[in-house]
Amino acid sequence: MTWAIVTAALLYLALVIVLWLAESRLVYFPGPQRSLIPPPALLDLATERVEFRTEDDVGLVGWVIPASSDSSGWWLLICHGNAGNLSEFDRPVHYAGLRRLGLSLLAFDYRGYGESGGVVSEQGLYRDADAAYRYLRQHRGVPADRIVVFGHSLGSAVAIDLVSRTPAAGLIVEGALTSAVHRGQELYPYIPVRWIARSRFGSIEKISGITVPKLFLHATGDEVIPLAHGRRLFEAALEPKMFVELQGGHGDAFDVDSARYFGSIAQFLATLPAHR
């Protein structure tokens, strides 16, 4: 019996160590595709490839997608999720829908993703968002009160961190998690994630300090980040705020429930101070 207990303890310890060592591969999925893929011609997206550097001298690459002639004057700074680069999956379709709202867009790749340099890390992602924001302010001359920050999935934590430290007109998050620790503990209930996790992404601690208007979008069928995460974030946030439940899953609500999705964003933008 003693040997069985010792063996079980050693196996458990080994599992904890393996998960600790593999954390980066469990959190970040940059994928093998490093070159950006031009958006389909039918989307009519005029993308401009831009480059800028972070404070720790990492080179990042992004796309600027200017608004059409009926521009609203708003810029959306997009922090994408943890899988793939800014041009993959249905992201260009999403950009096209946002652009139809009159938005100009800056989508960028984190360090280690796409054509950006560097090695991915939590603090690195925060610096990357800082650099993208700084690019809009300094190189494009966009006033802070015309920038709305958007984050999807893990990118919601990046967006929340950015807006907790820098001025902006508003914040939109989709499929947002309370923290990587909370989600990790749900996925691995018998592992002491809260003690061993190096990537924290603690949005729940930051959201209550954000005073700008906030829109929370979350699909009821989200299988990656449960709806309860978005609800807890919303409850912890200060007014003004909106919460919109959508049909669909983690990455397709903008397509499955497009009228409500883009209509909610348009409604939110119309409430921002510059429109009053």
Most mobile of ALA83, ALA107, ALA157 per a Gaussian network model of the chain (Cα springs, under 10 Å)?
ALA83
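Would you please give the FRET efficiency between ARG165 and GLU239, computed as 1/(1 + (r/R0)^6) with r the Cβ-Cβ distance and R0 = 30 Å, to the nearest 0.05?
Values: r = 20 Å, r/R0 = 0.68.
Plugging the Cβ-Cβ distance into 1/(1 + (r/R0)^6) gives 0.90.
Can you put TYR113, TYR261, TYR12 in order of Cβ neighbours within 10 angstrom, beginning with the fewest?
Numbers: TYR113 28, TYR261 24, TYR12 12.
Fewest to most other Cβ atoms nearby, the residues stand as TYR12, TYR261, TYR113.
According to the square roots a ≥ b ≥ c of the eigenvalues of the Cα gyration tensor, what is the shape class of segment 183-276, taking rounded for a/c under 1.5, prolate for a/b larger than b/c otherwise, and oblate for the remainder?
Since a/c reaches 1.5 but b/c is at least a/b, the shape of segment 183-276 is classed as oblate.
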If I fit a long axis through the Cα atoms of helix 227-236 and take the longest principal axis of the Cα atoms of the chain, what angle between them do I get, 0 to 90°, rounded to 10?
70 degrees
Candidates LEU125, LEU171, LEU238, ranked by Gaussian network fluctuation over the chain, Cα under 10 Å, top entry
LEU238
Semi-axis lengths, Å, the chain, gyration tensor of Cα atoms, sqrt of 5 times eigenvalues:
33, 21, 18
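How would segment 115-188 be classified by its alpha-carbon gyration tensor: rounded, prolate or oblate, with rounded meaning a/c under 1.5 and the a/b versus b/c comparison settling the rest?
Details: a/c = 2.84, a/b = 1.58, b/c = 1.80.
In terms of gyration-tensor shape, oblate.
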The alpha-carbon center of segment 209-248 and that of segment 118-157 are separated, in whole Å, by 20 Å
Computed, not fitted: 222 nm per-residue ellipticity of the chain from DSSP H runs ≥ 4 (each -39500 (n - 2.57)), nearest 500, equal to -10500 deg cm²/dmol
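List the relative contact order of the chain as a percent without decimals, with contacts defined as Cα pairs under 8 Å and 6+ residues apart.
On the way: 520 pairs, mean separation 39.5, N = 276.
Contact order relative to length: 14 percent.
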Quick one: which of 56-68, 174-186 comes out on top by average Cβ neighbours within 10 Å, and what's the full order, highest first?
174-186, 56-68
If you take every residue apart from ALA259 with its C-beta less than 15 Å away from the C-beta of ALA259, what net charge results, scoring Lys and Arg +1 and Asp and Glu -1?
-2
Which residue fluctuates most in the GNM of the chain (Cα springs below 10 Å): VAL224, VAL158, VAL212?
VAL224
Loop-located GluC sites (Glu not before Pro) in segment 200-265, at most 13 other Cβ atoms within 10 Å (DSSP):
GLU223
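Only Lys, Arg, Asp and Glu count, each charged at its Cβ (+1, +1, -1, -1), so figure out the dipole size of segment 2-275 about its Cα centre, rounded to 20 debye.
Working: 24 positive and 28 negative charges, 92 e Å.
It works out to roughly 440 debye.
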Everything considered on the Cα gyration tensor (a ≥ b ≥ c; rounded for a/c under 1.5, else prolate if a/b is larger than b/c, else oblate), segment 67-142 must be described as oblate
Which order do ILE207, ILE5 fall in if you start with the one that has the fewest other Cβ atoms within 10 Å?
ILE5, ILE207
Compute the angle between helix 154-165 and the longest alpha-carbon principal axis of the chain, please, reported from 0 to 90 degrees and rounded to the nearest 10.
70 degrees
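For a footprinting-style exposure proxy, rank SER153, SER69 by other Cβ within 10 Å, fewest first.
Ascending number of Cβ neighbours within 10 Å: SER69, SER153.
Coordinate-derived values only; no laboratory data. All of these numbers come straight from a predicted model, not from anything done at the bench. No Cβ is skipped: glycine too gets one built from the backbone with ideal geometry, and neighbour counts run over all protein chains shown.
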